[in-house]
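Remarks on the structure that follows.
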Amino acid sequence: MGLVGSRSRNPLIIVMGATGTGKSKLGIDLAHHFGGEVISADSMQVYRGLDIVTAKVTQEEMKGVTHHLLGYLDPLEEPIVSDFRNQALPLIHRMKNSGTLPIVVGGTNYYIESILWRVLVGVSRDEQIDSFYRKFDSTPVEELYAVLKERDPERAQTLHPRDRRKILRSLSILETSNLTHTEVIERQRSEEGGNQFGGGLRFKDACIFWMQCDPDVLDLRLDQRVDQMMSNGLLKELQDFHLQYNRERLAHSGEADYTHGIFQTIGFKEFHEYLMLDEHRKKTKKGKDLLVKSIKTMKFNTRKYARHQLKWIRSRFLRPGRPAPPIFALDATDPDKWEERVLKPAVQVVQALIEGKDLPLTPVGPTGSPEVERQVMYCEICDVHMVGKSTLQVHLNSRRHKKRVLGIKRRELLATLGYIENLKRNGASKTETAEDSESDSDEVSMKFRL
């Protein structure tokens with residue numbers, strides 16, 4: 001029995017945040033303080049082996065704390081969130097009943113969502129689901145999206161046309177339940193506490209710690225972590241797995257498939273081109289340059305992923321109208337102030353929850369906007385789709401979009417100057433040309449639609 005003991009209040013603790021912010025450390029510290037166990041909520045760390053590339057906590061870092069749901073999936077299989085949920089919920093209930101503090105730690109936010117809210121269909125990995133996914137392995141995503149638009153147009157409107165994983169997920173629900181994904185969500189919304197994302201909260205006594213860090217500090221920390229992975233043997237780990245995979249594949253006369261499972265995780269896909277070189281070519285200048293490029297790309301993609309995690313938290317956990325557990329922001333920027341800014345306030349919150357006292361910190365409030373964030377937006381200038389108005393705004397402020405707008409304006413300006421020259425030759429007034437030029441330029445800002 002944990003230190004929470006036989007008290008009736010045994011809250012569920014969630015530790016989330018961007019990669020590299022210290023989530024695992026806080027989870028372990030809290031488990032030590034309160035006698036808890038950690039449930040990993042990380043879609044990369046579910047894979048067996050490959051401990052370096054998946055950034056699993058080491059036995060030394062665990063400090064004797066029991067960890068669950070690490071390394072249970074074959075590296076060539078696709079993780080399914082409902083599998084995770086179906087394993088995590090019994091663990092949580094067992095801990096709560098035994099007086100052991102359940103602590104869920106991870107950066108895969110939709111895994112955490114599946115625990116906190118009733119948002120998934122009650123299916124898990126089975127032969128029918130695996131067969132369904134295999135059947136559409138080679139089907140172009142455009143065709144899948146067209147089928148979804150025909151069978152479940154409301155759901156299709158909320159998905160990016162190239163989001164293969166989510167499109168297949170919605171089609172698989174239709175296949176296994178004879179209900180559209182939209183119908184399933186509507187049923188969940190009708191439950192007590194239901195909202196635009198689905199069902200209500202599972203646990204009334206949960207709380208969330210959101211690990212935060214200064215962006216510049218976090219970028220440097222993530223770059224240094226990749227360097228540390230290389231020092232710890234990342235390249236050998238990748239090469240050994242790659243070699244083992246191809247040996248087993250050739251033994252069974254199978255074709256190479258690097259599009260599934262661990263091969264699509266950060267750390268593998270960036271090194272794929274380098275790993276495909278033979279040993280001689282790896283030692284050439286081209287091979288060495290490719291290795292340097294792989295490391296740089298992994299650093300960039302890791303920083304990009306951290307920003308994606310933060311965006312998910314803001315858009316899904318802090319949405320107006322969605323009931324959520326109290327969320328407490330903890331500043332993990334300075335490791336020297338860990339005790340003061342992270343551990344001490346977290347311990348105070350958990351202790352207050354256990355004792356049924358007023359919370360010592362003020363939770364973070366909801367942000368964002370309502371249902372418009374679920375609509376698919378389209379930028380005609382760049383010919384790209386995106387989900388949510390806020391995402392469109394980020395795109396409109398991006399270098400790529402601004403560069404294209406500038407190119408359009410330059411072409412319009414050149415066309416206008418040519419038009420003016422023609423008018424001059426014909427004796428037309430300059431005033432009329434200026435008005436036409438201004439009207440043409442204004443059209444650029446109107447080329448966005450839902």
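Listed values (i) 22.8; (ii) 23.9; (iii) 25.0 include one computed from this model; for Kirkwood radius over Cα pairs in Å that value carries the label (iii). When peptides 132-142, 203-213 are ranked by their average number of other Cβ atoms within 10 Å per residue, the highest-first order is 203-213, 132-142. What is the local net charge at residue 150, summed over the other residues whose Cβ is closer than 14 Å to its Cβ (Lys, Arg +1; Asp, Glu -1)? Its environment carries a net charge of -1. Taking other residues whose beta carbon is less than 12 angstrom from the beta carbon of residue 304, and scoring Lys, Arg as +1 and Asp, Glu as -1, yields +2.
Per residue, the convex hull spanned by the Cα atoms of the stretch 217-302 amounts to 95 cubic angstrom.
Where the centre of each part is set by its Cα atoms, how far does the stretch 220-260 sit from the stretch 320-335, in angstrom? First find each Cα centre; the distance between them is then 35 Å. For the pair residue 166 and residue 423, the difference between a 0.36 nm per residue extended length and the Cα-Cα distance amounts to 87.1 nm. Counting only DSSP H runs of at least 4 residues, each contributing -39500 (n - 2.57), and dividing by the residue count of the chain, the helix-based mean residue ellipticity at 222 nm comes to -15500 deg cm²/dmol. Rounded to the nearest 5, the antiparallel percentage of DSSP beta bridges internal to the chain is 25%. Between residue 183 and residue 347, the simple spin-label model (points 7 angstrom out along Cα→Cβ) gives 5.4 nm.
The value of relative contact order for the chain, using C-alpha pairs under 8 Å at least six residues apart, is 18 percent. Amide H contacts of residue 37: 101, 103, each under 5 Å away and 5 or more positions distant or on a separate chain (H built 1.01 Å from N in the peptide plane; Pro and chain starts excluded). Nearest 10 degrees is fine. How inclined is helix 285-312 to the longest principal axis of the chain, computing both from alpha carbons? The answer is roughly 80 degrees. Pairs exceeding 28 Å between alpha-carbon atoms, taken from 282/403; 337/357; 23/311; 204/299: 282/403; 204/299. Can you tell me the orientation of helix 164-177 relative to the chain, as the angle in degrees between its alpha-carbon axis and the longest Cα principal axis, to the nearest 10? Between helix and principal axis, roughly 60 degrees. Sorting 412, 270, 150 from the fewest to the most surrounding beta carbons within 10 angstrom yields 150, 412, 270.
Between 0 and 90 degrees, the angle of helix 215-231 with respect to the longest Cα principal axis of the chain falls at about 70 degrees.
The residues 250, 168, 89, when put in order of fewest to most other Cβ atoms within 10 Å, stand as 250, 89, 168.
Each value in this text was obtained by applying a stated rule to the coordinates, not by laboratory testing. Since we're looking at a predicted model, the values are computed, not measured. Don't worry about glycine lacking a Cβ; one is built from the backbone with ideal geometry, like all the others, and counts go over all protein chains shown.
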